[in-house]
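The values are calculated or read from the model by the stated rules, or taken from the named source; none is laboratory data. Small disclaimer: the values here were computed from a predicted structure and weren't measured. All Cβ positions, even for glycine, are placed from backbone atoms using ideal geometry, and neighbour counts span all protein chains on display. Surface accessibility is based on the protein's heavy atoms, side chains included, excluding ligands, DNA and RNA. Shrake-Rupley method; radii C 1.70, N 1.55, O 1.52, S 1.80 Å.
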Amino acid sequence: MAGQDKKKYKVGMFGGKFMPFHKGHFYCIDVAASQCEKVYVLLFSGGDQENEILINNPGVWYLSIEDRQKHIESAIRKYNNVVFYTIDITGCRNPDGTENWDMETPLVRAVCGEMGAVYGSEPGYKAYFDRAYPEAEYILVDVKRIHYPISGTAIRNMENRKERELWII
């Protein structure tokens, strides 16, 4: 369209457990939306870390899959280039029963196809993303948590409900 800036990437992806979905996640989506013609936000459900968190935090409303889906869908409404999917990774297991990210790759590809960028804030994921999506640039966003100094773990560990709710979207 005339008057719009050309985006650097055609397709971008940002995925996670989002336990809970918080302002740091939203910031990453905002960055991706500004750089990509289309952004896929993928909530991975049924993984080892998610199951462990749910077991250790029974009945916590903001960790349910339904709540996370609702919050993400609500947050991305302002964007015309961001779409949301939940991907069930329950069957993506090694023979020993541990989670296998390489088995998740075809599920992501089925949704996103070829990507120009994958977004995240964890440098340790680069080797996997380079192997799984070699055509995509891994874009690290706010690694030092300067814009939003928070993590899902920190939120889950907060005892003060009002403080916790300041971070959750």
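Values as computed for the structure displayed
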item	result
Residue that is most open to solvent (accessible area, probe 1.4 Å), among those in the stretch 5-18 that are farther than 20 Å from Glu99 by Cβ and in a strand (DSSP E or B)	Lys10
Meets criteria (over 15 Å from the mean Cα position of the chain (by Cα), touching a residue at least 24 places away in the same chain (Cβ under 8 Å) and within 30 Å of Glu165 (Cβ to Cβ)) for Val60	yes
Total residues in the stretch 147-156, condition assigned to a helix (DSSP H, G or I), surrounded by 17 or more Cβ atoms within 10 Å (Cβ to Cβ) and either among the β-branched types (Val, Ile, Thr) or in contact with a strand residue (DSSP E or B) (Cβ under 6 Å, 6 or more places away or on another chain) (or both)	1
Search result, residues across the stretch 13-43 that are closer than 20 Å to Tyr62 by Cα, out of contact with any Asp or Glu (no Cβ under 7 Å at 6 or more places or on another chain) and small (Gly, Ala, Ser)	Gly15, Gly16
Checklist (1) buried (at least 20 other Cβ atoms within 10 Å of the Cβ); (2) of a type in the set (A, V, I, L, M, F, W, C); (3) closer than 20 Å to Phe129 by Cα applied to Phe21, failing item	(3)
Verdict on Arg93 being free of Cβ contacts under 8 Å to residues at least 12 places away in the same chain and closer than 15 Å to Val41 by Cα	no
Residue count for the stretch 157-169, restricted to those that are in a helix (DSSP H, G or I) and either touching a helix residue (DSSP H, G or I) at 6+ places or on another chain (Cβ under 7 Å) or of a type in the set (Gly, Ala, Ser) (or both)	2
Exclusive hit being aliphatic (A, V, I, L, M) and in contact with an Asp or Glu (Cβ under 7 Å, 6 or more places away or on another chain), set Ala110, Ala117, Ala136	Ala117
Candidate set: the stretch 40-53, residues that are free of Cβ contacts under 8 Å to residues at least 60 places away in the same chain and out of contact with any Ser or Thr (no Cβ under 7 Å at 6 or more places or on another chain); chosen: the one farthest from Gly91 (Cα to Cα)	Val41
